[in-house]
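Structure record follows, encoded as structure tokens.
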Amino acid sequence: MAEIEVQLLYFAGCPNYDAARRALEEVIHEGSIEIPVQMVLVSSDEDAGFLRFVGSPTIRIDGQDIVPPPHDAPFAMACRIYRDEEGRVVGFPSREVMRAALRARRARELERFQRDEAQRTAAAILDAEAGGDAADPPTD
């Protein structure tokens, strides 16, 4: 299976990035998987634009924001706010949002693996029916 890439983008003055990192690492640990959290320091407006950074903290899994911002959200060196399950304003995504994002990523990977296995099995069956031997590639 492909390795999962988890990034936490932040700026140094953000009061919430460290708590977000701890929560994210706890959620990852709950899943009994080892995924390093890549800490990405955004240090200028230019960096914010280049990284498409809409505020700190931002958590991405395989480059995708776990809480996608509005398409017209400005890229900025600013604090980012979120809403929890009760609608309260909070400084980082809830653990449940983090869990759901990781589960969705793992489910996509499992689906891809199953699809690839089914294709390999079908190819082997077709090859066997045709009298070939998929285990022995042709030689020149």
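Could you please let me know if Val97 is under 19 Å from Glu26 (Cα atoms) and either charged (D, E, K, R) or part of a helix (DSSP H, G or I) (or both)?
Yes: the conditions hold for Val97.
Mind checking which residues of region 31-48 are surrounded by fewer than 16 Cβ atoms within 10 Å (Cβ to Cβ) and within 17 Å of Arg103 (Cβ to Cβ)?
Gly31, Ser32, Ile33, Glu34
Considering region 49-66 alone, what residues qualify as being over 8 Å from the mean Cα position of the chain (by Cα), surrounded by fewer than 18 Cβ atoms within 10 Å (Cβ to Cβ) and in contact (Cβ under 8 Å) with a residue 24 or more places away in the chain?
Hits for region 49-66 are Gly49, Leu51.
Search region 67-102 for residues being within 12 Å of the chain's Cα centre (by Cα) and of a type in the set (Gly, Ala, Ser), and hand back the single one that is surrounded by the fewest Cβ atoms within 10 Å (Cβ to Cβ).
Looking at the filtered set, the residue picked out is Ala100.
Got a sec? Which of Ala104, Ala23, Ala122 is modelled with pLDDT under 95, of a type in the set (A, V, I, L, M, F, W, C) and under 21 Å from Glu3 (Cα atoms)?
Just one listed residue meets the conditions, Ala104.
Quickly run through region 6-30 and pick out the residues that are loosely packed, with under 15 Cβ neighbours inside 10 Å, free of Cβ contacts under 8 Å to residues at least 60 places away in the same chain and acidic (Asp, Glu).
The answer is Asp18, and nothing else.
Please work out which residue is farthest from Asn16 (Cα to Cα), limiting yourself to region 41-71 and to residues that are among the aliphatic types (A, V, I, L, M) and assigned to a helix (DSSP H, G or I).
Ranking the qualifying residues of region 41-71, first place goes to Leu51.
The values are calculated or read from the model by the stated rules, or taken from the named source; none is laboratory data. Bear in mind the structure is a predicted one, so any value in this text is a computation, not a measurement. When we count neighbours, we look across all protein chains shown, and the Cβ atoms used for this are built from the backbone with ideal geometry, even at glycine.
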